[in-house]
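Written out below as structure tokens is the structure these notes cover.
The values are calculated or read from the model by the stated rules, or taken from the named source; none is laboratory data. Predicted, not measured: the structure shown is a model, and the values here were computed from it. Heads up, the Cβs are rebuilt from the backbone with ideal geometry, glycines too, and the neighbour counts pull from every protein chain shown. For the accessible areas, the whole protein counts, side chains as well, though only heavy atoms, and no ligand, DNA or RNA atoms are used. Shrake-Rupley method; radii C 1.70, N 1.55, O 1.52, S 1.80 Å.
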Amino acid sequence: MERLLTHPAIVAGLSKVESRIERLSGSSTLPGINAGAERIIQAGGKRLRPALTLGTVLAFGKAADRRAVTAAACIELIHAASLIHDDLMDGASQRRGTPTLNATLGQGKALVIGDFILARAGLAAITAVSKPVAEVLAATTVELAEGQYLEAVDQFNRDRTEESALRSITGKTAALFRASCLVGALCAKASPEERAKMAVYGEKFGLVFQILDDLLDLTLSSETLGKPAGNDVRQSVYTLPLLRARGADPHLLDGDAETILARVRDSGIVDDTLAYCRDLAAQAVDALPAAKDVGLLADLPGSYIAKAADMISTRARAA
Ligand code: FPP
Ligand code: MG
């Protein structure tokens, strides 16, 4: 388990964040919106992004006050809204082991419940946090949309470049990790230099997180993932681990999804991707401001890589 998520101050802060998330996501005048939002938000998730915000506040020697807690809740709400829209785009039926909103309520209601959550987060940020934080969150949402758009543009494109995949995941995932840390630094009144360093840490860690997620999609079972495995290949989304493996085998992406997945499992994709992530993790940790109490954050990228490596080798042993 990651030390950040079990640290007593983070656990206490996350419990306040949870109450704020519940209040905000349940604040519609329409019970149907509240019920849908609640079901998806309560379905689980480790609250990693809010933990990054609180962890940054803590690293700068501050306590998580009301503004920081609300900011962290807004970040989780943006994440939840983006997953609702992502599942809608993918036509996914399950997320975190629970049926998706598009599967249970239909596409239209899922779309507007996602819109509601996103808009509610924006309203809370501007009214209950600060203009700079609201600005960061709005700019980050723009990047999320652009990153997701780039992925949609490259769907079915077997010639997708590694650079294009990297640009997409920088927007769709790493931007919110970067914002989580930057917002924490803003709430802690860190200097502009320190804020920039925390932003780099967050972005690099976000890339590690997404690239591991893409690797696990290629290598784990659906039961372990809580969502259908091999989904990216089945949907013709060619992710960075696959594109890097294509460099060693130009015919890797030939044939149907099952052929590609079988070929991928026999390739050196696991070692290559883990090494790539270790390099990014080192860059993340290097960016952390040296004079601050960043131990919990410094551990995090490495512990995610170790956990992914462990899950993959457990599956390989069981196969
Ligand atoms: C999940 O990635 C999706 C994202 C990280 C971003 C989705 C972004 C949008 C839908 C843009 C609109 C944004 C908002 C805020 C409404 P994945 O599909 O690789 O992961 P998965 O396997 O968990 O689905
Ligand atoms: Mg998806």
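Which of rounded, prolate, oblate describes the chain, given a ≥ b ≥ c as roots of the alpha-carbon gyration tensor eigenvalues and a/c under 1.5 marking rounded, otherwise prolate only if a/b is larger than b/c?
Judged from the Cα gyration tensor, the chain comes out oblate (a/c at least 1.5, b/c at or above a/b).
Taking a label point 7 Å from the Cα of A196 along the Cα→Cβ vector, which residues of region 42-63 have an amide N closer than 20 Å to it? Of the residues in region 42-63, 60 have backbone N under 20 Å from the label point off A196.
Compare the peptides 207-217, 109-119 by average per-residue count of other Cβ atoms within 10 angstrom and give them in order, highest first. Present the calculation step by step, with values, prior to reporting the outcome.
On the way: 207-217: 23.0, 109-119: 20.1.
Taking the mean over residues of other Cβ atoms within 10 Å, the ranking is 207-217, 109-119.
Pairing the Cα long axis of helix 66-90 with the longest principal axis of the chain, what angle in degrees results, from 0 to 90 and rounded to the nearest 10? Rounded to the nearest ten degrees, it is 30.
With the simple model of a label 7 Å out from the Cα in the direction of the Cβ, K131 to A9 spans 3.0 nm.
Separation of region 224-278 from region 285-314 is 24 Å, based on Cα centroids. Measuring nothing but how far apart in sequence close Cα pairs (under 8 Å, 6+ apart) lie, relative to its length, region 115-195 scores a relative contact order of 29 percent. All Cα-Cα distances of region 174-319, cut into 5 Å bins from zero to the largest, leave 2, 10, 18, 19, 16, 12, 10, 7, 4, 2, 0 percent in each bin in turn. For the chain, carbon and sulfur atoms together expose 56% of the accessible surface, with a 1.4 angstrom probe and every protein chain in place. Under a model in which nothing but the beta-carbon of Lys, Arg (+1) and Asp, Glu (-1) is charged, the chain shows a dipole of about 1180 debye around its Cα centre.
Across region 22-155, the relative contact order, built from alpha-carbon pairs under 8 Å that are at least six residues apart, equals 24 percent. Note on the chain: GNM, Cα springs under 10 Å; of V270, V57, V153, the largest mean-square fluctuation is that of V153. Helix 269-287 and the longest principal axis of the Cα set of the chain meet at an angle near 30°. A 1.4 Å probe run over the protein chains yields, for the chain, 44 Å² of accessible area per residue, whole-number rounding.
Can you give the relative contact order of the chain as a percent, counting alpha carbon pairs under 8 Å and 6+ residues apart? Provide the component values of the computation, followed by the final result.
Values: 458 pairs, mean separation 60.1, N = 319.
Relative contact order for the chain comes out at 19 percent.
Farthest toward the positive end of the dipole of the chain, out of G114, V129, V285, is the Cα of V129, where the dipole comes from beta carbon charges about the Cα centre.
Size of region 1-85: Rg and Dmax of its alpha carbons, in Å, are 13.1, 41.
Return the Rg/Rh value of region 123-239, two decimal places, where both radii are evaluated on C-alpha atoms and Rh is the Kirkwood radius. Value, to two decimals: 1.05. Compute the angle between helix 48-59 and the longest alpha-carbon principal axis of the chain, please, reported from 0 to 90 degrees and rounded to the nearest 10. Tilt relative to the chain: about 50 degrees. Sparse packing (at most 12 other Cβ atoms within 10 Å of the Cβ) combined with a DSSP loop state is found for the following trypsin sites (Lys or Arg not before Pro) in region 122-228: K189.
Taking amide H atoms as placed 1.01 Å from N in the peptide plane, the amide H of R95 lies under 5 Å from those of T100, each 5 or more residues away in sequence or on another chain.
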